[in-house]
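**Q** Input: one structure, supplied below.
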Amino acid sequence: MTKKIELLLLLLCLTHYLHATTYQVGPTRLYTAPSAVANLVADGDTVEIDAATYLGDVARWYANNLYLKGVGNGYARLDANGNNAEGKAIWVIKGNNCIIENIEFLNCTVPDNNGAGIRQEGKNVLIRHCYFHHNEMGILAGDNTPSTITIETSEFAANGYGDGYSHNVYINHVDTLIFRYNYSHDMVVGHTLKTRARHNYILYNRITEENGNGSYTVDVPNGGETILLGNLIEQGANSENSTIIEYGAEGLSNAIKDFVVVNNTIVNNRPSGIFFFVANNTTLFKLYNNLVLGNGTYLNGTPLAIDSLGNRRMTSIANAQLADAATFDYNLQSTSPAIDAGVEAGTYAGINLLPQQQYVHLQSHVARTIVGTAIDIGAYEWVDENCTFTPTINGLNSSCLGQTSTYSVSPIAGSTYAWTVTDGTIVSGQSTNQISVQWNNGATGTVSIIQIIP
């Protein structure tokens, strides 16, 4: 029996910035490395970087509204090889409102032991489908307001100097962090995700220590309006800190002190630990429909108000009947006690707390639809294998004449893929889970796919 998956993505062609330039970078181009154009670009320009390895190439980007993207088959791979920009990072982003997509950052070291793939200094950035690994810090964002940092469909692995002060992701005092559909794992001593932002929306990620020896899995040291929704969160057996999720441990200095945790699957693979450290005087700790598995103390701290319902606490991970907990596949088996056991979480500050998505490995997501009499507990909804899904196509929903854009769906073993594009040309990737499309005219175009899963 097969399942047919059909997706449709509306592509709107927008007017590009007046006089904006697209620079093409690659081993066979006029500009052979990204740093060659870093001082040439102006506000609104695009830099297309061919998929290749750029050894020791580092750069500072000053212009605003830049679109910096890897193109071709795979990432544009920036191997610092011991180099850095300003003693900070592979890329130092000083401009505002930039987009960074399809870039791999690795092997950054600096004298201060916090060499990052990206040091974010400008206001507002969107980082999409990038890969940060074996740096002293994955992303380091400094204090900056007003600013929103959005990170999605990206991977962070094995970052950290090993001193406990360097992390896979470290966001300082900004207005808002949106962290969604990412895979952060195997941290070296530090935290898998650390954020001091005033507003944190941590949605549908896999944040798992696995074989690393990290500290906190999720660290929110100064409080703030924080929503953890639909995440897979795991503390590994080698973790050097017993606490999995921490809120307010360095002082509740952010104005809002509300911590909302809904429909997450949280697993402790250490023999003991603390699932939630929540600082005293936290205004609200709302905890709904979480599947909390393994040994350890459930809650350390005394929030002023606790709103808790529909959670399932089990010391035996096996009794939750996950698909394959040993390989971090936390989908539910058909006999799991989490099925149809949840309750309505309602809203918080006007935000609907019903999960709309669920994480798909690697770094993707699909729509979550309630099947049965009630929502399932945890990050996954159990669906019979004969049901039809509607996954999401990843990629920009706007493009410009002559531009090449990348679109993808989650790879599933054994699948076949048939893409259809109108008003554009598929230049590579047909029959795979990822294509590159060149848009041919100014009309509205579409991208769709039929994915057959045996």
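The values are calculated or read from the model by the stated rules, or taken from the named source; none is laboratory data. It should be emphasised that the depicted structure is a prediction, and the values quoted were computed from it without experimental measurement. Cβ placement follows ideal geometry from the backbone for every residue including glycine, while neighbour counts extend to all protein chains displayed.
**Q** What number of residues within region 70-87 are out of contact with any helix residue (DSSP H, G or I) (no Cβ under 9 Å at 6 or more places or on another chain) and in contact (Cβ under 8 Å) with a residue 40 or more places away in the chain?
**A** 5
**Q** For region 212-255, enumerate the residues that are aliphatic (A, V, I, L, M), touching a residue at least 40 places away in the same chain (Cβ under 8 Å) and in contact with a Leu (Cβ under 9 Å, 6 or more places away or on another chain).
**A** Selection gives Ile227, Leu229.
**Q** List the residue pairs whose Cβ atoms are under 6 Å apart, where the first residue sits in region 141-152 and is in the same structural domain as Asn182 (by TED's automatic domain parsing), the second is of a type outside the set (S, T, N, Q) and not in a strand (DSSP E or B), and the two are 6 or more positions apart or on different chains.
**A** Gly142/Glu121; Asp143/His173; Asn144/Lys123; Ser147/Lys123; Glu152/Tyr181
**Q** Within region 258-275, is there a residue that is touching a residue at least 40 places away in the same chain (Cβ under 8 Å), small (Gly, Ala, Ser) and part of a loop (DSSP other than H, G, I, E, B)?
**A** Within region 258-275, none of the residues are touching a residue at least 40 places away in the same chain (Cβ under 8 Å), small (Gly, Ala, Ser) and part of a loop (DSSP other than H, G, I, E, B).
**Q** Regarding region 81-94, can at least one residue be identified that is aromatic (Phe, Trp, Tyr), farther than 15 Å from Leu66 by Cβ and either assigned to a strand (DSSP E or B) or not assigned by TED's automatic domain parsing to the domain that holds Ala33 (or both)?
**A** No, because not a single residue in region 81-94 is aromatic (Phe, Trp, Tyr), farther than 15 Å from Leu66 by Cβ and either assigned to a strand (DSSP E or B) or not assigned by TED's automatic domain parsing to the domain that holds Ala33 (or both).
**Q** Here's a follow-up. Which pairs do you get when a residue that is without any contact (Cβ under 8 Å) to a residue 24 or more places away in the chain, found in region 42-55, comes within reach of a residue that is assigned to a loop (DSSP other than H, G, I, E, B) and among the polar types (S, T, N, Q), reach meaning Cβ atoms under 8 angstrom, with the pair 6+ apart or on two chains?
**A** Ala42/Thr21
**Q** If you don't mind, there's one more thing I want to ask. Looking only at region 431-454, how many residues end up being surrounded by 13 or more Cβ atoms within 10 Å (Cβ to Cβ) and either modelled with pLDDT of 75 or more or touching a helix residue (DSSP H, G or I) at 6+ places or on another chain (Cβ under 9 Å) (or both)?
**A** The number of residues fulfilling the criteria is 15.
**Q** Sticking with this one: Hey, does region 217-235 have a residue that's assigned by TED's automatic domain parsing to the domain that holds Ile317, in contact with a strand residue (DSSP E or B) (Cβ under 8 Å, 6 or more places away or on another chain), acidic (Asp, Glu) and over 23 Å from Gly160 (Cα atoms)?
**A** Yes, region 217-235 contains a residue that is assigned by TED's automatic domain parsing to the domain that holds Ile317, in contact with a strand residue (DSSP E or B) (Cβ under 8 Å, 6 or more places away or on another chain), acidic (Asp, Glu) and over 23 Å from Gly160 (Cα atoms).
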